[in-house]
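Since the structure comes first, as structure tokens, the remarks are kept for the end.
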Amino acid sequence: NSVSQGPILEQLTEEIGETEFESVTLSAPFFSPNAKVLERLSEEIDFDEVRLLLQKNNHNLNSIEEYEEVCEEIGCSLEVNRIENDRISHAKLLELDGKDGSYHLVGSANMTQSALLETWETGNVEAAVLVEADREVHADVFDMEKQDEIDELLSDSVTDWEGDGSGELLITSAK
């Protein structure tokens, strides 16, 4: 368990080490239009595919051109999935999926520089939990018909903060 004042993305990459991933999924209402979060992530982690999950009428990306350019530079594919749900999603997810499992970073942080790349002193005050999950959670995380099953799998992975450490608290909040 860790409580830190460092940038969340920096804490994430320190926690997971030099693992290779097949894909990274970014989902939030707000993204940095300049793709700096994706660019910084690619400097620390290897992945083959980027998936942006954008909800209809609930995101700020008018153009994905910057994301396409970053993906072209690093040699990975870009897939944009549009969620056609009329209910507003306020959820934020950064998912790293690999052959041996996946990590889900969930919390208050949007996919912006001020949320993920800066400290609480210069950016947003955010909190996030990093959950290591097996592949069955990854495969169905956005299948609404399987949410009860997914909730059960995730709750089995996370214990209380004094537990086995499978849920890491990453936070950039104040002193």
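The values are calculated or read from the model by the stated rules, or taken from the named source; none is laboratory data. For clarity, every value in this text was computed on a predicted model and none was experimentally measured. Positions of Cβ are backbone-derived with ideal geometry, glycine not excepted, and every protein chain shown enters the neighbour counts.
Got at least one residue in region 41-62 being in contact with a Pro (Cβ under 6 Å, 6 or more places away or on another chain) and free of Cβ contacts under 8 Å to residues at least 40 places away in the same chain? Taking every residue of region 41-62 in turn, at least one turns out to be in contact with a Pro (Cβ under 6 Å, 6 or more places away or on another chain) and free of Cβ contacts under 8 Å to residues at least 40 places away in the same chain.
Consider residue 90 carefully, then state whether it is of a type outside the set (A, V, I, L, M), in a loop (DSSP other than H, G, I, E, B) and surrounded by 19 or more Cβ atoms within 10 Å (Cβ to Cβ). Against the criterion (of a type outside the set (A, V, I, L, M), in a loop (DSSP other than H, G, I, E, B) and surrounded by 19 or more Cβ atoms within 10 Å (Cβ to Cβ)), residue 90 does not qualify. Within the option set 72, 65, 20, 79, being among the charged types (D, E, K, R), over 16 Å from residue 113 (Cα atoms) and in contact (Cβ under 8 Å) with a residue 60 or more places away in the chain holds for one residue only, 20. As a summary of the residue check, residue 23 satisfies the conditions (1) touching a Phe, Trp or Tyr at 6+ places or on another chain (Cβ under 7 Å); (2) under 22 Å from residue 91 (Cβ atoms); (3) part of a loop (DSSP other than H, G, I, E, B) except for the one numbered (3). Can you name the number of the only condition in (1) outside any loop (DSSP other than H, G, I, E, B); (2) modelled with pLDDT under 90; (3) surrounded by fewer than 17 Cβ atoms within 10 Å (Cβ to Cβ) that residue 48 fails? Answer for residue 48: the failing condition is (2). Of the listed requirements (1) buried (at least 19 other Cβ atoms within 10 Å of the Cβ); (2) at pLDDT below 90, residue 18 misses just one: (1). With respect to residue 54, determine if the residue is assigned to a strand (DSSP E or B) and farther than 23 Å from residue 16 by Cα. Here the answer is yes, as residue 54 does meet what is asked.
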